[in-house]
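What follows is a short report on a single structure.
The values are calculated or read from the model by the stated rules, or taken from the named source; none is laboratory data. Given the structure is predicted, the values throughout are model-derived calculations rather than measurements. Reconstructed Cβ throughout: ideal geometry from the backbone, glycine too, with neighbour counts over all protein chains shown.
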Amino acid sequence: MRLRPHLIVRTLTIVGTVASATLAIAAAGCGQVAAGPGAVAGSWGRPIEVPGLRALAKAHDTSVNSVSCASTGNCAAGGDYKDGNGHLQGFVVSEKNGVWGQAIEVPGLGALNTARNATVVSVSCASAGNCAAGGSYTNGPLR
């Protein structure tokens with residue numbers, strides 16, 4: 001079974017994350033999902049695939065590890081994916097005014113990630129457009 005990362009959002013305070021067999025990750029508190037007819041404030045919306053992540057993840061092995069929202073509709077998320085060579089890479093994606101952008105590899109991480117094992121494990125947003133992401137990478141010889 002292939003897991004695909006999805007985001008589920010609602011209009012409440014961030015309360016944590018949930019994982020399941022059909023969703024890689026779900027997060028609360030990131031704003032109202034435009035997709036998902038019938039979604040109302042305080043209810044879970046329908047999951048959406050992380051925009052642009054399929055193009056990055058040639059091996060279809062992906063995870064959303066963290067989501068943070070500065071305000072309703074202004075969020076960021078991060079995680080990892082396997083590239084076409086089977087190497088683990090870190091990604092980030094942001095939402096602005098309720099619209100998710102395209103997932104990108106963390107800028108500059110590829111040059112540091114010489115052993116091809118990187119991930120984003122934490123994202124925090126102090127205010128809209130002001131976020132930080134933390135994670136790990138391995139440098140050294142390939143094994």
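Conditions (1) surrounded by 13 or more Cβ atoms within 10 Å (Cβ to Cβ); (2) of a type in the set (D, E, K, R); (3) at pLDDT below 50, marked per residue:
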| residue | (1), (2), (3) |
| --- | --- |
| 11 | yes, no, yes |
| 15 | no, no, yes |
| 22 | no, no, yes |
| 28 | yes, no, yes |
| 41 | no, no, no |
| 51 | yes, no, no |
| 73 | yes, no, no |
| 76 | yes, no, no |
Number of positions in the range 43-65 that are under 18 Å from residue 96 (Cβ atoms) and polar (S, T, N, Q): 0
